[in-house]
Amino acid sequence: MRQSSEVIVRDYLKEHGFKQKYIAQVLGVKEYTVSDIFCNRRPLKTNELVKICLATKTSPNEILAPLFDK
């Protein structure tokens, strides 16, 4: 079964030591909103992914690479 982009982003951030509190600050939202995104209760918007990439100094391609793996 293929994972959602939200779960892939969550797993990437967790593996690299980024906390939900920091991501909430980056996005300008409450921590529960980040939790909703990472638990698939709310979609991750494109502009939010861009903000996460800028804050973590990475690219969407790097974060979302598992979507394109076999």
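Accessible surface of the chain, 1.4 Å probe: 53 percent of it comes from carbon and sulfur atoms. Computed over protein heavy atoms with a 1.4 Å probe, the accessible surface of the chain works out to 70 Å² per residue.
Springs join every pair of Cα atoms under 10 Å in this Gaussian network model of the chain, and among Leu54, Leu13, Leu44 the largest mean-square fluctuation is at Leu54. With the simple model of a label 7 Å out from the Cα in the direction of the Cβ, Val29 to Ala65 spans 2.5 nm. Note on the chain: dipole from Cβ charges, positive end direction compared against Pro43, Gly28, Pro60; the farthest Cα belongs to Gly28.
The distance between label points at Arg42 and Asp11 comes to 2.3 nm (points 7 Å beyond Cα on the Cα→Cβ vector). For the chain, the number of Lys pairs separated by eight or more positions or lying on different chains, with C-alpha atoms closer than 24 Å, is 17.
The values are calculated or read from the model by the stated rules, or taken from the named source; none is laboratory data. If you're wondering where the values come from, they're calculated on a predicted model, not measured in any experiment. As a convention, Cβ positions derive from the backbone with ideal geometry for all residues, glycine included, and neighbour counts pool all protein chains shown. Remember, those area values only see protein heavy atoms, side chains included, never the ligands or the DNA or RNA. Shrake-Rupley method; radii C 1.70, N 1.55, O 1.52, S 1.80 Å.
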